[in-house]
Amino acid sequence: METTQKALYIDASTGFYRVRRYKVGDYFGPVDLGLHISGRLMSLNFGVGLFAGSIFPGSNRLIFTGFSPSWRGFYISSMGGAGLVFDNLGINLVSLVGKAALPSVLYLNRFHGEEIEVEVEPIDLHAAWAGPVFAAREASGGSGFPRVGVYGLLDEVIARHGPRYAGAYRAFAVGPAAEATDFGGIVSSPVSEGRATNVDTWAGRGGLGSKMLQEHGIAAVIYGGTVVDEDFRDRKVADEWFEAKYKQKLAVKDFEATTKYRFDPKFATGGTLGVNYASLGGRMIAFNYRSVEWSEEERVRLHEDLVLGHYLKQFNEETIATKSQATCGEPCSAVCKKLRGDFKKDYEPYQALGPLCGIFDQRAAERLNYASDSNGFDAISLGGVLAWLMDCLDSGELRPEDLGVSTVPRWKVEGFDPVADSGHNADLGLELVASIVGKRGQLDLSEGPRKWGRRIRRERGTRILDRFVYTANGRRGWMVPNQYWTPGVLSPMAIMGKYYMHYGSEFVPPRQLGRMCAERLRKELGMDNAGLCRFHRAWGEEMMAEAIGSVYGLKEQYLQAIAVAASRINSRNAAVYWESAKNVEFLRSFLLRRRDVDKDESPELATWIAAFETDSAEAALSFWFEMRKGIDESLRDFF
Ligand code: SF4
């Protein structure tokens, strides 16, 4: 196995590049190396873990790191399967610096034994986003939606450069959201027979697509090669490790660990969308979190009528029953990508751009998710923003003309028609997407919703940010939380919007919750730094360090490097106390539900509820700082 990692530094302004080597042991992967480089350069880094190309399922994630334009802090975002082809370049990491004068495509290719080819080539971005419409694809069972935006650009780049590759290749690209906002993501999909497939994989969170385009002038990257390096492929040895730890072979342990993502007989469904919606019940969140203020009976009724009775039913019939599923591009028995035609369905985007926006119909949610994806948005953040704007329209705080749209949402729960009303809300969502991208009315999210929300307050005296559920970082950083009704998603961690926090649904006293979030950060960093998909965390969290110990003899050093990285990330923690009244209500109602519905009788819970009854503003502030104490005391620099 290689004992050094190769980082390819590319200056997008000139196309010049150089390779720098880092000893395994000084740095172990794309996270600690990306953190190191980001501390010195304003770069966007993407790379793979030491086990890319190995027999470990899920070991081929492409990990992006850099300073996030939306979160305004160091961020990590990753993309499933895209590291498998990257590994054929014979390098571990690309570090992009400088900015191309015109929007450009970065082309990376390498034939075995030869130097890497690096080209930065301008592209007519708006023409590519306008995209060709592939009639054949539609006729062959596609969605009927045109291949525009990110898809148009991917197709253009693949058509233009694909024939230059002797082996497998892949591309990733950004859409109009990367130009118009600070929360544009990056999309890729495996290439088959010269065409991008419909299995999108996203480095969505953190706006790193906006960064790639706005700070580096790179709209797409195409890469591939024929370099065969020495990857870990000894199944017998891996099985021995797994037998020693779990009394099971690797494949058996992995199959068992990924049940939820494939098909869970307990719920008669599969994937994150299927299993989460089957089990949410009264923990359901909808209509921009208004549901947290309802009674349990009202939430359960909503879940039964509109989710179990329609939204999930459609998904189960159309996707699960037909076994329409795929992998992200790497050999993986989880087959977590659940599909209907061109639409890939995960819980979080279909929740944020679904029930959170008052949409409970798959056709309506598909249209809005397509608009989000084709424009290249971070779908979860877009869902949070749209739900907030719809809430402002419904409450009358903003008028349709303020946002350049023609109507208001239909958010009346009584008599809600799952098809017609969802369709209406999705249509409004499409108008809002067009307004965000086209900056219509007063809407301008180029520097994020917090800054825009402050402007509206100055001009109109209305605190619209009070309706927006988000975590804040520094003066401008923002993040729509993961779609679970639990305090961990609003915790003051240095990186939010990912699973670097505890999101279990039980009540945990805040100080302890902070410690648990810190521990989760370390565990998840250990996975990300190894380039491993978190859906394999049931064994990956332990086994990656074990494997590094067995192959490199550096297990303790790896664990220490992760602890140092976590501590470094936290040393720049600029989390700001909740600015939105809705965050406080989210927490207060969670605590009450734990006591009244889940019958949690813990004295700490009762104490916190009493504190909220006395002075909810003060109680929320204390809860936030208790979490922060737990985080900071766990991530102090011990070294
Ligand atoms: S679980 Fe899904 S995303 Fe992860 S490696 Fe398997 S197919 Fe890819």
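Bear in mind that the values in this text are calculations on the coordinates, not laboratory data. Every value quoted in this text rests on a predicted model; they were computed, and no experiment measured them. Please note: Cβ atoms are built from the backbone with ideal geometry, for glycine as well, and neighbour counts cover all protein chains shown.
Here are the numbers for the structure shown:
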item: Residues with amide H under 5 Å from that of residue 264, placed H, sequence gap 5 or more; result: 269, 270, 271
item: Ratio Rg/Rh [Cα only; Rh per Kirkwood] for the chain; result: 0.95
item: Paramagnetic reach from residue 229 in segment 72-99 [backbone N under 11 Å; point 7 Å along Cα→Cβ]; result: 86-94
item: Where a label projected 7 Å from the Cα of residue 244 along Cα→Cβ would reach, residues of segment 12-54 with amide N under 17 Å; result: none
item: Where labels lie 7 Å past Cα in the beta-carbon direction, separation of residue 457 and residue 573 in nm; result: 2.4 nm
item: Long pairs among 236/323; 260/412; 236/337; 451/582, criterion Cα-Cα beyond 25 Å; result: 236/323; 260/412; 236/337
item: In nm, spacing of pseudo-spin labels at residue 313 and residue 295 (7 Å Cα→C-beta vector); result: 2.5 nm
item: Cβ charges +1 (Lys, Arg) and -1 (Asp, Glu), total dipole of segment 269-407, debye; result: 540 debye
item: Cα gyration tensor of segment 456-536 - equivalent ellipsoid semi-axes, whole Å, descending; result: 28, 15, 11
item: Span from the segment 365-390 Cα centroid across to the segment 422-493 one, whole angstrom; result: 12 Å
item: Potential lengthening between residue 102 and residue 407 on full extension [0.36 nm per residue; Cα-Cα distance subtracted]; result: 106.0 nm
item: For segment 204-321, radius of gyration divided by Kirkwood radius, i.e. Rg to Rh on alpha-carbons; result: 1.16
item: C-alpha center-to-center spacing [segment 600-639, segment 163-191] in angstrom; result: 42 Å
item: Calculated P(r) tail over 18 Å for segment 138-245, as whole % of Cα pairs; result: 59 percent
item: Compactness relative to 2.2 N^0.38 Å, alpha carbon Rg of segment 547-639; result: 1.53
item: Student exercise, the chain dipole from Lys, Arg, Asp, Glu Cβ charges, in Debye to nearest 20; result: 780 debye
item: DSSP-defined antiparallel bridges as percent of all bridges, the chain, nearest 5; result: 80 percent
item: Farthest positive-ward along the chain dipole, Cα basis, beta-carbon charges - from 47, 388, 513; result: 47
item: Dipole-positive endmost among 292, 274, 413 within the chain (Cβ charges, Cα centre); result: 292
